[in-house]
C-alpha cells in the first residue's frame, strides 16, 4: 500500500519529454504556492492583528504585520477572561470525548473485524450510517436526555452524548481487519482468550493508528462549538471556543485586537499538537478515506 | 454500539416522532397534530428560501471543496515527494484551527468600512459592498469562509485517492505514448472515479454542516434569513424559537435529502462495477 502510493506518481510517467514535464512542474509549483499563501493569509492576519495596538488596526489594514508589536491585546484578554479555566474545561472535554470514544471503539471494532456473530454486517452498516446522520438532528433529543439526567451545564453532560460516534469504530475496524488472522489464531492456540488477544496483540500492533485517532479526536473535540455552547450554559463549564465566542459576541465585539489575541490563544494548542504529529495526522485522514 | 443506539439512533426515532407534535421543548404537554408541521413549513415562503439556499451552499461547496481541491491534488502529483509533503502540511493548517475561531478574522475581512476586502477594493477604485448585510452577497461570503476552513481535508482525501491508482496503469499508458493532459483526462481521472464519487457525495453531505458555524459566527442566518440553510434552520427552530415539532419535521426532510444522496451514490457505484480496484 505504502510502496504503491509512493511510486504511483505522475512525474515519473511524464519524464519522457523533459521540457514539457519541467514546465508542468513549475506551473504546479507556482499554483500551489499561491494556494498555500491564500490559505495561510487569514491566519497570518489573525496573528498580525493580535499584536497591533488598538489605534493601528485600521491605519493600514492591508499590511498584516504590526508596526510596533504590542502584547497589550493579550494582557486585555487574560485580564477580562478566565482563559485558564476555559483551557482546563477544553482539555477535560477533549480528553473525555477522546478517551471515551476510543475505549468504546476498540472492543466494537474488534467484534466487527474478527467476531463471528449474527448480524455483523448489519451492525457494520449501522456504524457507517451513524456517520452520515447530521449532528443537529440528534441535538434536540440528546439535549432532553442530558436534561433528564440533570447534567445541563456540566462536563459529563457535554461529553456523554458525543461518545456515540461511528468514526473511531470504523477507522479501527479497517485497521484491525487488515491484521493477519493467523497471528490471532496463534495467540488463541497459545491459550489467550479474546480479550487478551485484543489487549496484548491487536492494540499494541495498531499503536500508530490509535495515536493518530487520538490526535484527530483531540483536535476535533477541542474545536467543537455548538454542542458545548448548548450544554455548557454556565461560565464554569465554558470551553475555550465557547468563551471566545461569547467574548466576540459581547464585550470584545468591536475590539479586534483582543478578539484576535483570544483566537490565537485558543488555537495555539491544536496547532502545536498538529505540528508535533503532522505526518501521522495527514496519513490518518487519507487512509481512512481510501480504505472506506 | 450501545452508545450509538442511545445517542444517535434513539434520538433519530425520537425526532421522527416529535415531528408529528406541536411542542415547545420544555412544556410537559405535547399536542398531536399529524402532518401539520410539514404543511406549515412548506407553506412558509421563508422555508422555501431555506431549501434554495441549501442547494446554493451545496453548489458553492462543489466548486470550492471539490473541484478546487481535486485540481490542487492533481497539481501536487507533479511535484517531487518532499515538496508535495510541504504543500500538504501548509494547505492543511486551517483545518486544524477551530471553525468558530478561524472564522473570526473573516468577520474583520468583511467589514464594510475598514475591512481588508473593502480597503483593497477601494485602493483599486472598485465599489465596496457590505458583504455580510447584502442579501445577495452574504451567502457566498459565508460559504467562502467555510470553504477556506475545510479545503484541506478534501485536498488530502483527493490526493490519497489519486495516489492509490496503481502505477502499472500509468506506466502502460506511458508506453502507449500518453502524456500530460491526455494522461490526466484519459487515464487518471477515470480511474479516480470511484473515490471521486465518494468525495463528491461527502462534500455534498457535509456542505450544510460545514457552513453551520460560519453562519452562526458571521451572520446568525441573516440578513432576513438569507444565509440560513436547512441544518441551521433545524437548530434555530429547536433552540432559538423552541418549536421542536417544526425542527423535527425539518430534520426529517434533511434526512430524506441525505438518504437520497447516499442512494444516488450507491446507484452510481453499481453502474461502474466494470472497474475493479
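The values are calculated or read from the model by the stated rules, or taken from the named source; none is laboratory data. If you're wondering where the values come from, they're calculated on a predicted model, not measured in any experiment. We place every Cβ from the backbone using ideal geometry, glycine too, and count neighbours over all the protein chains shown.
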- request: Keeping to the range A:184-205, report how many residues are part of a loop (DSSP other than H, G, I, E, B) and at pLDDT below 80.
  value: 3
field: Residue tally, condition surrounded by fewer than 24 Cβ atoms within 10 Å (Cβ to Cβ) and facing another protein chain (nearest Cβ under 7 Å), over the range B:97-108
entry: 1
field: Residue list for the range A:31-54, filter: within 9 Å of another protein chain (Cβ to nearest Cβ), over 24 Å from the mean Cα position of the chain (by Cα) and closer than 14 Å to residue A:65 by Cα
entry: A:49
- line: Output for Cβ contacts, cut-off 7 Å, separation at least six or different chains, first residue at the interface with chain A (Cβ under 8 Å from one of its Cβ atoms) in the range B:74-87, second at pLDDT below 85 and part of a loop (DSSP other than H, G, I, E, B), reads B:77/A:9
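Here is a yes/no grid of residues against (1) surrounded by 15 or more Cβ atoms within 10 Å (Cβ to Cβ); (2) modelled with pLDDT under 80; (3) away from chain B (no Cβ under 13 Å):
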| site | (1), (2), (3) |
| --- | --- |
| A:81 | yes, no, yes |
| A:86 | yes, no, no |
| A:94 | yes, no, no |
| A:109 | yes, no, no |
| A:116 | no, yes, yes |
| A:126 | yes, yes, no |
| A:130 | yes, yes, no |
| A:152 | yes, no, no |
| A:158 | yes, no, no |
field: Residue match in the range B:201-209 (condition: farther than 30 Å from residue A:241 by Cα, touching a residue at least 12 places away in the same chain (Cβ under 8 Å) and more than 8 Å from chain A (Cβ to nearest Cβ))
entry: no
- prompt: Of all the residues that make up the range B:167-187, how many are modelled with pLDDT under 75 and within 24 Å of residue B:268 (Cβ to Cβ)?
  reply: 4
task: Examine the range B:115-127 for a residue that is within 27 Å of residue A:264 (Cβ to Cβ), at the interface with chain A (Cβ under 7 Å from one of its Cβ atoms) and in contact (Cβ under 8 Å) with a residue 24 or more places away in the chain, and state whether such a residue exists.
output: no
query: Can you find even one residue in the range B:134-151 that is without any contact (Cβ under 8 Å) to a residue 24 or more places away in the chain and more than 19 Å from residue B:208 (Cα to Cα)?
result: no
